[in-house]
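Trainee: One structure follows; several queries about it will come next.
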Amino acid sequence: MLDVTPTPLQRLLRERRPGYTLPAPFYLSPEIFEADMEVIFGRHWIYVGVEPDVPEAGDVMVVDIGKTSVAIVRDDDNEVRAFHNVCRHRGARLVHDEKSTVGNLVCRYHSWTYDLTGELIHAEHMGPDFKKGCHGLKPVHLRSLEGLLFICLAEEAPSDFDEMAARLGPYIAPHNVRDTKVAFQKDIIEPGNWKLTMENNRECYHCGANHPELTVPLFAYGFGFAPEEMGEHDRAEAERYGCLLKTRHGEWEAEGLPSREIDELDTMVTAFRTERLPLDGEGESHTLDTKAACKKLLGDFTKPKLGGLSVWTQPNSWHHFLGDHIVTFSVLPLDAERSLLRTKWLVHKDAVEGVDYDLANLIGVWEATNDQDSELVGICQQGVASPAYEPGPYSPNTEMLVEKFCNWYVGRMAAHLGR
Amino acid sequence: MNSASTEPAAARLAASASWDAEADDALVCLAVRQETHDVKTFVLSPPEPRRFAYAPGQFLTFAFEVGAETIHRCYTISSAPTRPHALSITVKRVPGGPVSNWLHDNLKAGDTVRALGPMGDFSCFTHPAQKYLLLSGGSGVTPMMAMARTFHDLGEPRDVAFVHSARSPADIVFRAELETMARLDPSFRFHAVCEADAPDEAWSGPKGRLSLDILTQAVPDFREREVFVCGPKPYMDAVRAMLREAGFDMARHHEESFDFGALPEAEQQAAAEAGRALDAEAEEAPAATVRTFRVEFAKTRRVLDCPENETVLDAARKAGIRLPSSCAKGLCGTCKSKVTKGTVAMTHAGGIRQREIDAGMALLCCSKPTSDLVVER
């Protein structure tokens, strides 16, 4: 083995400097993008949507991950399943719209018909020796974490999903995702590599300068700060936040709402982090007046002032669970320099638009924030393409989670490719 | 205190749920009324209090247990949907007609019959107009009566002229009620035409069969009206010819028609019986066995006749019309189409969702018409 020449990717992984941003090829190279799709998005649990995306039997949602198209269906036993969206006959794509409702899954090319368990139930003209049983749809691993849907394209999915579900489930359960509906969905194409989109999400260093809406409800201090540099006012604010966090965690835990931080962002294969964070102002929701956006609260909640439960999963999602609504984000890479950011706003399934909530108010903060972030990702993508770019240092006080994202990524790539 | 809990009539009036024949097809006969010497009205209601919802002119399909045999018959509802707590059919005794005789001789208060429906789109509601002409012969009076009663009950300022043909004054069904309605409501006019005098009443009105002269005398502005016709086939044929001759716009002519021509073998016997009934008594009500409906394909502008016991897909195939299809058993949904007008009976095998059905979609491979249809194909 001594004379094996490592591939550039292996060398890049080996030479990555901890505490620093990744070298430019990780954000630019089509080859590394292919490797990302195969290793990261092909072999890990990917967050793709919520059970309320397919609320009733016969509902279908199509999610494309790279070249792979997956149909997620709710079958007649109310079970959510995922299949490769490819007919077993001549390979035609089965379902074409992002959301639809079907009786059975039918290929429009030759009407091969599959029931919602993926079994082939109708195929004309195939002769007596044809075995329908051998031509069912190919299943895709799918798990629902309290209503959040994760799929894994690998033959064998990482087995530590259960551990994540056991530890994260109790945090999410009180918000009862299954009892919600998608009030609004917005897809934006960010002009940057998916890792830049993720890195941007994993810190709030940039919030003060860029997110005038988000920082109304959200304390930037919740994501770290450097106390030694702060003036009197900022120090007082940080102390106020520290006290608030301690008091609220105590209250929420006493009320049966798990709130304290769990951080496994670079310590598990199916990595995650969560913490319930106090909100500023009225403390109710991610809105410009910090009050609940929806009159119908989620789950069994009787008051809206429950802070915001933040959940992060590697490699591609983050979520905010509030007392009155949920905002959930997934990042789906398109190519080395473009990524789809899919945001869904969920409210109680019985909530009526215009009566219980005003849509503009519900989505205002995050729609503005997403647009701002998209621009930031774009200028970063432009910058890393410059010959002058070299990896820069992360702040030890506010960019710990970015560092963990990169650690996880480098670790997972290395585990599959060898260092 | 709560009289509704003990008083059956109060309970029936308090009923809020609609009768759903799919859930319970049993109807109890509450009362039998002698309308004329050979016409009876049977008042029906579900065992549990329910409200009926239908369009005036619609019919029910009944399964009567006559002797050891189950015989299916369609009867138009004669009552008005404005009085939703009970429903009536009005039946004329037909010499040699097993069903009408059985009904007259056997069905009494407390008995149960089975019924499906309501069905059909022969209704003034399907063709809204300000002025109507209702033409009926014999017991073809029933759908007209339902329409007339509905407008009367609603107090709608609707100009309705009702011209009924009967054999004699003693055979005018609902005569007193129609005359009362005409007296109370100036916008409703009733005219009877009789072929002969009754033993105890000489007919002073127009005599003979309905003619253009008689019609012009009674309803001079008949050409401006939406016309509904129901009665024995010879009557309807004569009316059609008469209106056409008078230059009437036949797009506004609607009749309750029954095609006895292309009946499948299984229904031959029943059809023959219905035919015999018609021969024996020219004024027998339109109570047929197998109906044929008009199916119009809106995009391709094709029209075909589809018997009620044949799928739309099969009828289309026979007519040389090619519709997208594959499994032909309600599984694959390839033939899924929007039915923009009319109703079908569908037995699918999972190829369509209830939500799609609710949105007007149907699988043509397993849908049989229960009314005229317009299909978006």
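The values are calculated or read from the model by the stated rules, or taken from the named source; none is laboratory data. On a predicted model such as this, the values are computed, not experimentally measured, just so you know. Here the Cβ is made from the backbone with ideal geometry for all residues, glycine too, and neighbour counts use every protein chain on show. Accessible surface is based on the protein model in full, side chains and every heavy atom, while ligands, DNA and RNA are left aside. Shrake-Rupley method; radii C 1.70, N 1.55, O 1.52, S 1.80 Å.
Trainee: Of all residues being within 14 Å of chain A (Cβ to nearest Cβ) and in contact (Cβ under 8 Å) with a residue 24 or more places away in the chain in the range B:314-333, which is most open to solvent (accessible area, probe 1.4 Å)? Just the residue, please.
Mentor: Step one: filter the range B:314-333 for residues within 14 Å of chain A (Cβ to nearest Cβ), giving B:323-333.
Checking the rest, the ones that are also in contact (Cβ under 8 Å) with a residue 24 or more places away in the chain come to B:323, B:325, B:327-330, B:333.
Details: B:L323: 28, B:S325: 40, B:C327: 18, B:A328: 47, B:K329: 120, B:G330: 0, B:G333: 14 Å².
Filtering the range B:314-333 for residues that are within 14 Å of chain A (Cβ to nearest Cβ) and in contact (Cβ under 8 Å) with a residue 24 or more places away in the chain, the one most open to solvent (accessible area, probe 1.4 Å) comes out as B:K329.
Trainee: So A:V365 clears everything in (1) open to solvent by 10 Å² or more (accessible area, probe 1.4 Å); (2) under 20 Å from the mean Cα position of the chain (by Cα) except one condition, right? Which one?
Mentor: (1)
Trainee: Would it be correct to say that A:V39 is part of a strand (DSSP E or B) and among the hydrophobic types (A, V, I, L, M, F, W, C)?
Mentor: Values: part of a strand (DSSP E or B): no; among the hydrophobic types (A, V, I, L, M, F, W, C): yes.
Taking the combined requirement at face value, the residue does not satisfy it.
Trainee: State all residues of the range B:291-322 that are outside any loop (DSSP other than H, G, I, E, B) and among the basic types (K, R); if no residue qualifies, say none.
Mentor: From the range B:291-322, those outside any loop (DSSP other than H, G, I, E, B) are B:292-297, B:302-307, B:312-318; that's our starting set.
Correct list: B:R294, B:R302, B:R317, B:K318.
Trainee: Residue check, A:R260 against (1) part of a loop (DSSP other than H, G, I, E, B); (2) of a type in the set (K, R); (3) in contact (Cβ under 8 Å) with a residue 24 or more places away in the chain, all met but one. Which one?
Mentor: (3)
Matching residues to (1) buried (at least 20 other Cβ atoms within 10 Å of the Cβ); (2) within 14 Å of chain B (Cβ to nearest Cβ); (3) in contact (Cβ under 8 Å) with a residue 40 or more places away in the chain:
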site: A:V48; (1), (2), (3): yes, no, yes
site: A:G136; (1), (2), (3): no, no, yes
site: A:E155; (1), (2), (3): no, no, no
site: A:P158; (1), (2), (3): no, no, yes
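Trainee: Just name the residue that is surrounded by the fewest Cβ atoms within 10 Å (Cβ to Cβ) out of those in the range B:344-368 that are more than 10 Å from chain A (Cβ to nearest Cβ) and in contact with a helix residue (DSSP H, G or I) (Cβ under 6 Å, 6 or more places away or on another chain).
Mentor: B:T347
Trainee: Moving on to the next point. Which is assigned to a loop (DSSP other than H, G, I, E, B), open to solvent by 30 Å² or more (accessible area, probe 1.4 Å), modelled with pLDDT of 95 or more and more than 14 Å from every other protein chain (Cβ to nearest Cβ), of A:R81, A:R143, A:R88?
Mentor: Details: A:R81 fails: assigned to a loop (DSSP other than H, G, I, E, B); A:R143 fails: assigned to a loop (DSSP other than H, G, I, E, B).
Answer to the selection: A:R88.
For every residue, the table says whether it meets (1) out of contact with any Cys (no Cβ under 8 Å at 6 or more places or on another chain); (2) open to solvent by less than 10 Å² (accessible area, probe 1.4 Å); (3) on the phi < 0 side of the Ramachandran plot.
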| position | (1), (2), (3) |
| --- | --- |
| B:I214 | yes, no, yes |
| B:R223 | yes, no, yes |
| B:E226 | no, no, yes |
| B:D237 | yes, no, yes |
| B:L243 | yes, yes, yes |
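Trainee: Looking at this structure, is A:S69 at negative phi, open to solvent by less than 10 Å² (accessible area, probe 1.4 Å), more than 10 Å from chain B (Cβ to nearest Cβ) and touching a residue at least 12 places away in the same chain (Cβ under 8 Å)? Working first, answer last.
Mentor: Working: at negative phi: yes; open to solvent by less than 10 Å² (accessible area, probe 1.4 Å): yes; more than 10 Å from chain B (Cβ to nearest Cβ): yes; touching a residue at least 12 places away in the same chain (Cβ under 8 Å): yes.
Yes; evaluated as a whole, the condition is true for this residue.
Trainee: Looking only at the range B:85-140, which residues are on the phi > 0 side of the Ramachandran plot and surrounded by 24 or more Cβ atoms within 10 Å (Cβ to Cβ)? Break it down stepwise before answering.
Mentor: So the first thing to find is which residues in the range B:85-140 are on the phi > 0 side of the Ramachandran plot, and the list is B:96, B:110, B:117, B:120, B:138.
The answer is B:G120, B:G138.
Trainee: For the range B:56-77, which residues satisfy the criterion of being outside any strand (DSSP E or B) and crowded, with 19+ Cβ neighbours inside 10 Å? If you could, list the steps in order and put the result at the bottom.
Mentor: Just the residues of the range B:56-77 that are outside any strand (DSSP E or B), to begin with: B:56-58, B:67-68.
Across the range B:56-77, the qualifying residues are B:P56, B:G57, B:Q58.
Trainee: Another question, then. Is there a residue being touching a residue at least 12 places away in the same chain (Cβ under 8 Å), in a helix (DSSP H, G or I) and either closer than 30 Å to A:A57 by Cα or out of contact with any Gly (no Cβ under 6 Å at 6 or more places or on another chain) (or both) anywhere in the range A:181-193? Write out each step before concluding.
Mentor: Initial filter on the range A:181-193 (touching a residue at least 12 places away in the same chain (Cβ under 8 Å)): A:181-193.
From what is left, the residues that are in a helix (DSSP H, G or I) are none.
Within the range A:181-193 (the criterion being touching a residue at least 12 places away in the same chain (Cβ under 8 Å), in a helix (DSSP H, G or I) and either closer than 30 Å to A:A57 by Cα or out of contact with any Gly (no Cβ under 6 Å at 6 or more places or on another chain) (or both)), the answer is no, since none of the residues qualifies.
Trainee: For the condition out of contact with any helix residue (DSSP H, G or I) (no Cβ under 8 Å at 6 or more places or on another chain) and either under 25 Å from B:L60 (Cα atoms) or of a type outside the set (A, V, I, L, M, F, W, C) (or both), what is the one hit in B:A298, B:A315? Before the answer, list the steps.
Mentor: On the way: B:A298 fails: either under 25 Å from B:L60 (Cα atoms) or of a type outside the set (A, V, I, L, M, F, W, C) (or both).
Selected residue: B:A315, the only one of B:A298, B:A315 that is out of contact with any helix residue (DSSP H, G or I) (no Cβ under 8 Å at 6 or more places or on another chain) and either under 25 Å from B:L60 (Cα atoms) or of a type outside the set (A, V, I, L, M, F, W, C) (or both).
Trainee: For the range A:238-288, name all the residues that are under 26 Å from A:K404 (Cβ atoms) and among the aliphatic types (A, V, I, L, M).
Mentor: Passing the criteria: A:A238, A:L244, A:L245, A:L257, A:I262, A:L265, A:M268, A:V269, A:A271, A:L277, A:L279.
Trainee: Residue check: is A:R260 open to solvent by 30 Å² or more (accessible area, probe 1.4 Å), among the basic types (K, R) and over 30 Å from A:E156 (Cα atoms)? Show your work before the answer.
Mentor: Values: open to solvent by 30 Å² or more (accessible area, probe 1.4 Å): yes; among the basic types (K, R): yes; over 30 Å from A:E156 (Cα atoms): yes.
So A:R260 passes the test.
Trainee: Separate question: Hey, can you tell me all the residues within the range A:100-134 that are open to solvent by 60 Å² or more (accessible area, probe 1.4 Å) and more than 13 Å from chain B (Cβ to nearest Cβ)?
Mentor: Across the range A:100-134, the qualifying residues are A:P128, A:D129, A:K131, A:G133, A:C134.
Trainee: Please verify whether the range A:23-42 includes one or more residues that are touching a Leu at 6+ places or on another chain (Cβ under 9 Å), under 23 Å from A:L149 (Cβ atoms), open to solvent by 10 Å² or more (accessible area, probe 1.4 Å) and in contact (Cβ under 8 Å) with a residue 12 or more places away in the chain.
Mentor: Here is the first cut: in the range A:23-42, the ones touching a Leu at 6+ places or on another chain (Cβ under 9 Å) are A:23, A:25-27, A:29, A:31-32, A:35, A:39, A:41-42.
Pick out the ones that are also under 23 Å from A:L149 (Cβ atoms) and you get A:39, A:41-42.
Narrowing further to those that are open to solvent by 10 Å² or more (accessible area, probe 1.4 Å): A:42.
Of the ones still in play, those that are also in contact (Cβ under 8 Å) with a residue 12 or more places away in the chain are A:42.
Yes, the conditions are met somewhere in the range A:23-42.
Trainee: I'd like the residue in the range A:297-326 that is of a type in the set (V, I, T) and farther than 18 Å from A:L401 by Cβ and, out of all such residues, is most open to solvent (accessible area, probe 1.4 Å). Working first, answer last.
Mentor: Our first condition is that a residue be of a type in the set (V, I, T); within the range A:297-326, this holds for A:302, A:311, A:313, A:326.
Of the ones still in play, those that are also farther than 18 Å from A:L401 by Cβ are A:302, A:326.
On the way: A:T302: 131, A:I326: 0 Å².
Going through the qualifying residues, I end up with A:T302.
Trainee: Need the failing condition index for A:D162 against (1) part of a loop (DSSP other than H, G, I, E, B); (2) within 29 Å of the chain's Cα centre (by Cα); (3) away from chain B (no Cβ under 14 Å), just the number.
Mentor: (1)
Trainee: Test each condition in (1) open to solvent by 80 Å² or more (accessible area, probe 1.4 Å); (2) within 14 Å of chain B (Cβ to nearest Cβ); (3) under 30 Å from A:A165 (Cβ atoms); (4) among the basic types (K, R) for A:R74 and report the one that comes out false.
Mentor: (1)
Trainee: Report yes if some residue within the range A:285-300 is on the phi > 0 side of the Ramachandran plot and modelled with pLDDT of 95 or more; otherwise report no.
Mentor: Yes: one or more hits.
Trainee: With the structure loaded, tell me whether B:L373 is within 12 Å of chain A (Cβ to nearest Cβ) and either under 21 Å from B:M119 (Cα atoms) or at pLDDT 95 or above (or both) or whether it fails that test. Please lay out each step first, then the result.
Mentor: Details: within 12 Å of chain A (Cβ to nearest Cβ): no; either under 21 Å from B:M119 (Cα atoms) or at pLDDT 95 or above (or both): yes.
No; evaluated as a whole, the condition is false for this residue.
Trainee: With the checklist (1) within 14 Å of chain A (Cβ to nearest Cβ); (2) of a type outside the set (G, A, S); (3) open to solvent by 60 Å² or more (accessible area, probe 1.4 Å) in hand, flag the one item B:R302 doesn't pass.
Mentor: (1)
Trainee: Identify the single condition in (1) open to solvent by less than 10 Å² (accessible area, probe 1.4 Å); (2) assigned to a strand (DSSP E or B); (3) closer than 26 Å to B:T126 by Cα that B:V43 does not satisfy, given that it satisfies every other one.
Mentor: (1)
Trainee: Please indicate, with yes or no, whether at least one residue in the range B:195-210 is closer than 16 Å to B:L133 by Cβ and open to solvent by less than 40 Å² (accessible area, probe 1.4 Å).
Mentor: Initially, the range B:195-210 is screened for residues closer than 16 Å to B:L133 by Cβ, giving B:206, B:210.
Imposing the further condition that a residue be open to solvent by less than 40 Å² (accessible area, probe 1.4 Å) reduces the set to B:210.
Scanning the range B:195-210 turns up at least one residue that is closer than 16 Å to B:L133 by Cβ and open to solvent by less than 40 Å² (accessible area, probe 1.4 Å).
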